[in-house]
Amino acid sequence: MVPYMGESLESATAFLKQVDWNRFVYPFDFAEITAYLDSIAIGQPAIKAAIEITINDLSGKISEKPCYEIYIADPAKMPLTSYTIGIDSPDVIRQKVADARGFKVLKLKLGRDNDRELISTIRSVSDLPLFIDANQGWKDKAKAIDMIYWLHDQGALLIEQPMDKNDLEGNAWLTTRSPIPIIADEAFQRIGDLEGLKGAYHGINIKLMKSAGMHEANKMIHKARTMGMKVLIGCMSETSCATLAGIALAPLCDWADLDGPSLTKNNPFKAPKMKDGKYLLQALPGLGLEGIPEGLFIS
Ligand code: MG
């Protein structure tokens, strides 16, 4: 749970106490489940996602099907997943690039005064393609478009949330001029936000901790397609559990940024398998979560 979404251990625990678990009956109606969870409280998408992903896993286990098969996602269409490198000193950045071994795309967080210096540091040690996340950090659209062209020359494939999430006009101005896709992240949370972003962004960043689960994320992907928009599937700091749910939907998306388990020190599960920078979907029922430690479940 990220603090800026207004969730905490306390709010999640209080939410769980309000859930009537007896109403979840197989075969599960995920549209009804999402509506029910939304009726308990507004917001709180991460705890809703936790419940909804659990029921997706259960549904797959009962029907003996992998979740990706239920969502008609073809494992052969798995996109490359990026590895995120945060803003840091040149020495730390060089170490992080070394840590990213096995990944074929790097994601960089920009939005400060030394963005070009940061890219030059990366380029001194790696020629991998880049996803750029400006995290709303650019204030001047003329400077931002210059930067985007420069980043394009440096091997950037897309730019996430260049300007403030509320500055629809500024982001739209960049979208009409950018040589690479402009993606909404902070500006996009639930499916109801999608219509309002038409024309202002080339695509959206879907995260299960924003969408409140897999059912709505899948609906977002298909709706974005009908609107001619691109889709990046991302994550928060997550264990293999939530990440496997994202991986199950990733073949339906253009790009993936599902590096949660690689950046999480207390992941209790086995890391999802990866080859040549892409996750490997396994033919296991449900999410295919492995390595569940004994004593994790409290009755
Ligand atoms: Mg982002």
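Bear in mind these aren't lab numbers, they're just calculated from the coordinates by the rules spelled out. Note that the structure is a prediction, hence the values are computed from the model and not measured. With ideal geometry, Cβ positions are generated from the backbone for all residues, glycine too; neighbour counts draw on all protein chains shown.
Taking only Cα atoms and a 10 Å spring cutoff, compute GNM fluctuations for the chain and point out the largest among Tyr201, Tyr279, Tyr36.
It is Tyr36.
Divide, for the chain, the radius of gyration over alpha carbons by 2.2 N^0.38 Å, where N is the residue count. It would help to have the intermediate numbers written out before the result.
Numbers: Rg = 19.2 Å, N = 299, 2.2 N^0.38 = 19.2 Å.
So the Cα radius of gyration is 1.00 times the expected 2.2 N^0.38 Å.
Fewest first, what order do Leu208, Leu280 take by the number of other Cβ atoms within 10 Å?
Lowest to highest Cβ neighbour count: Leu280, Leu208.
Cα to Cα, under 25 Å, and not fewer than 8 places away if on the same chain: which lysines meet these conditions relative to Lys270?
Here the lysines satisfying the reach criterion relative to Lys270 are Lys48, Lys61, Lys65, Lys77, Lys96, Lys104, Lys107, Lys207, Lys210, Lys278.
Say we join alpha carbon atoms closer than 10 Å with springs in a Gaussian network model of the chain; which of Thr34, Thr264, Thr226 then has the biggest fluctuation?
Thr226
Pull out the extension gain between Ala41 and Asn22, defined as 0.36 nm times the separation in residues minus the alpha carbon to alpha carbon distance; nm, one decimal.
Details: separation 19, 0.36 × 19 = 6.84 nm, distance 1.84 nm.
Additional length available on full extension: 5.0 nm.
In nanometres, what is the gap between the two model label sites at Arg116 and Val2, each 7 Å from Cα along Cα-to-Cβ?
Inter-label distance under the simple model: 2.9 nm.
Taking the number of other C-beta atoms within 10 Å as the exposure measure, put Ile33, Ile132, Ile72, Ile292 in order starting with the fewest. Write out the running numbers ahead of the final one.
Working: Ile33 20, Ile132 27, Ile72 9, Ile292 13.
Final ranking by Cβ density, sparse to dense: Ile72, Ile292, Ile33, Ile132.
Starting from 0.36 nm per residue, how many nanometres of slack lie between Glu32 and Tyr149 once their C-alpha separation is accounted for?
On the way: separation 117, 0.36 × 117 = 42.12 nm, distance 4.50 nm.
Computed gain between Glu32 and Tyr149 is 37.6 nm.
Angle check, please: helix 90-99 long axis (alpha carbons) against the longest principal axis of the chain (alpha carbons), in degrees 0 to 90, nearest 10.
40 degrees
Using Cβ contacts closer than 10 Å as the measure, can you line up Met209, Met229, Met274 from fewest to most? Each step should come with its number before you reach the end.
On the way: Met209 26, Met229 22, Met274 18.
Ascending number of Cβ neighbours within 10 Å: Met274, Met229, Met209.
Quick check: Cα centre of the stretch 246-279 to Cα centre of the stretch 53-123, how many Å?
Between the Cα centres of the stretch 246-279 and the stretch 53-123 lies a distance of 6 Å.
Using R₀ = 45 Å, calculate the FRET efficiency as 1/(1 + (r/R₀)^6) where r is the Cβ-Cβ separation of Arg177 and Ala271; round to 0.05. Please report the intermediate quantities before stating the final value.
Numbers: r = 40 Å, r/R0 = 0.88.
E(calc), rounded to 0.05, equals 0.70.
Could you tell me which of rounded, prolate or oblate describes the stretch 1-107, using a ≥ b ≥ c as the square roots of the eigenvalues of the alpha-carbon gyration tensor, with rounded for a/c under 1.5 and, failing that, prolate when a/b is larger than b/c and oblate otherwise? Intermediate values should be presented prior to the final figure.
On the way: a/c = 3.46, a/b = 1.48, b/c = 2.33.
Because a/c hits 1.5 or more and a/b fails to exceed b/c, the stretch 1-107 counts as oblate.
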